[in-house]
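Student: One structure coming up, written as structure tokens, with questions to follow.
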Amino acid sequence: MAYTPIKKLLLGITGGIAAYKTAELVRLLIKQGIDVQVVMTKSACQFITPVTMQALSGKRVFTDMWDSSIDNGMPHIELSRQADAILIAPASADFMAKIVHGGADDLLSTLCLARECPLMVAPAMNRQMWENPATQRNVAQLEQDAVFILGPDRGEQACGETGMGRMLEPEQLLAMLDVATTPKLLAGKNLLITAGPTMEMIDPVRAITNISSGKMGYSIAQAAWAMGAKVTLVSGPTALTPPPDVETVHVVSAGEMHDAVMARVPLQDIFISVAAVADYRPASPGTQKLKKSEHTLTLELSPNEDILTKVAAMDHGPFCVGFAAESEQLIEYASQKRLRKQLPLIVANLVDESMGKDDATLTLIDDRGDHPLPQASKTVLAHLLLQHVAGMLEES
Ligand code: CTP
């Protein structure tokens, strides 16, 4: 089964204050071109109205099991048949308990029972309710039943307490949807990724950096998680939100990135070096802010260690993937880089077609030659790259 992004999502809303965040989720889903069919429980309608959801999704919202407007009179069968996946957000403790036992006394629980497609739930509740052994038993049972549990998060709660039980943010849920339709090609693998730029301080307020946004590395981290890998992300400074189920280590300089990678690399099966690591750093950064003068300022730069080359040279090291960002002679320079760094696989990309953008054009280069990927979003490219990596690992 290849990766197939969700096109039709059945979004179930149950009774919880986090239902207000689901309104934003619907907006984001529609913006992504996903067809959203909202189904709400009676309790959900106490928190947010079907009219709001109808306006945002552009479709009638279903709330009633006995809705006679569907031709065959069986909305539970019809609606679940049409969906690529079902997401319940927020999923209340009560609703999770109900689906654990196969309860079917309203439209949403009935269509969960009647589904053939994958089911995801995004729990949202007070921390004591989440920690209660009954809820934890239900979560474990849902996982055993191949239901995907997205979150919850830790933080401030509507009840005034702080703890585990907040629903994940709409952007995070959106990024995690792929988990339902992605084959688990990397199950059991440990994968380490570097992403983003590094920042080399000149003095306490100025730095040398580059235009990397981190989007490619973060997309790969998210896709690898969806494929079942245990992912660690070492990230330079970016404006991005780290994927929820990925251990993220924040660093600033190339030196810090080097140390963070070296400390974690012995346990890894795969290392993907996406970061645009600065090749040089100021030889003696000022401890105080440099004062301006009339004269030309000369900065002396010292070379940084090449993290990828060092990891690729390790005995029994992980399977290494490099990125080659070039502004000209793409395939030639990238192929040379692959051989110089002794990598099984390098990903070639032209700087002006990819750096800082949402889309990219990538060419994979391995021992067998060049494999150009179609121009696509970084999310889709991340999946295609990881499928290629999984294939190479299987053959090795
Ligand atoms: N890389 C690294 N450590 C460095 C420099 C680069 O790990 N100090 C990794 C990058 O993450 C990338 C690959 O090496 O996967 C190639 O990076 P790139 O900047 O394209 O190449 P360089 O080796 O720096 O060569 P040049 O800048 O001359 O193109």
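Student: Can you list the equivalent-ellipsoid semi-axes of the stretch 190-395, largest first and in whole Å, using the square root of 5 times each Cα gyration tensor eigenvalue?
Tutor: 29, 19, 17
Student: Distance in nm between label sites at residue 143 and residue 371, each 7 Å beyond Cα in the beta-carbon direction?
Tutor: Label-label distance for residue 143 and residue 371, simple model: 3.2 nm.
Student: Quick check on the chain: of the DSSP beta bridges with both residues there, what percent are antiparallel, nearest 5%?
Tutor: Percent antiparallel among DSSP bridges in the chain is about 30.
Student: Can you pull the one-decimal nm distance between simple spin-label points at residue 309 and residue 396, each 7 Å off the Cα toward Cβ?
Tutor: Placing both labels 7 Å beyond Cα along the Cβ direction yields 2.1 nm.
Student: Still on this structure: Volume per residue, Å³, of the convex hull around the alpha-carbon atoms of the stretch 8-180?
Tutor: 101
Student: Continuing with this model, one more query. For the stretch 19-30, in order, what is each residue's ³J(HN,Hα) by Karplus, 6.51 cos²θ - 1.76 cosθ + 1.60 with θ = phi - 60°, in whole Hz (x at glycine and Pro)?
Tutor: Karplus values, whole Hz, x for Gly and Pro: 4, 5, 6, 5, 4, 5, 4, 4, 4, 5, 5, 5.
Student: Then there's this: Please turn the phi angles of the stretch 289-294 into ³J(HN,Hα) values with the Karplus equation 6.51 cos²θ - 1.76 cosθ + 1.60 (θ = phi - 60°), one per residue in order, whole Hz, x for glycine and proline.
Tutor: These are the phi-based 3J(HN,Hα) values: 4, 5, 8, 6, 9, 6 Hz.
Student: Mean 1/r over all different Cα pairs, inverted: what Kirkwood radius does the chain give, in Å?
Tutor: After inverting the pairwise mean of 1/r, the radius is 23.1 Å.
Student: Send over the semi-axes of the stretch 114-189's equivalent ellipsoid, whole angstrom and largest first, taken as the square roots of 5 times the C-alpha gyration tensor eigenvalues.
Tutor: Those come to 24, 16, 11 Å.
Student: Ratio of alpha-carbon Rg to the 2.2 N^0.38 Å globular estimate for the stretch 178-245, to two decimals, please.
Tutor: This ratio for the stretch 178-245 stands at 1.33.
Student: Also, I was wondering about something else. Where the eigenvalues come from the Cα gyration tensor of the stretch 39-117, what are the semi-axes √(5λ) of the equivalent ellipsoid, largest first, in whole Å?
Tutor: Values for the stretch 39-117, descending: 18, 17, 12 Å.
Student: Out of residues 5 or more away from residue 319 or on other chains, whose amide H comes under 5 Å of its own, with H placed 1.01 Å from N in the peptide plane?
Tutor: For residue 319, whose amide H was placed from the backbone, the distant partners under 5 Å are 270, 271.
Student: Once the dipole of the chain is set up with Lys and Arg at +1 and Asp and Glu at -1 on Cβ about the Cα centre, which of 88, 225, 253 lies farthest towards its positive end?
Tutor: 88
Student: Arranged from highest to lowest average of other beta-carbon atoms within 10 Å per residue, in what order do the peptides 349-359, 170-180 appear?
Tutor: Going by the mean number of other Cβ atoms within 10 Å, highest first, we get 170-180, 349-359.
Student: How many angstrom lie between the C-alpha centres of the stretch 117-147 and the stretch 3-26?
Tutor: 17
Student: May I ask which of 98/184; 215/291; 291/341; 7/42; 292/341 have a Cα-Cα span longer than 30 Å here?
Tutor: In this structure, 215/291; 291/341; 292/341 lie more than 30 Å apart at Cα.
Computed from the coordinates by the stated procedures, all read-outs in this text should not be read as laboratory data. The shown structure was predicted, so the numbers you read here are calculated from the model rather than taken from an experiment. For neighbour counting, all protein chains shown are included, and Cβ atoms are generated from backbone atoms with ideal geometry for every residue, glycine included.
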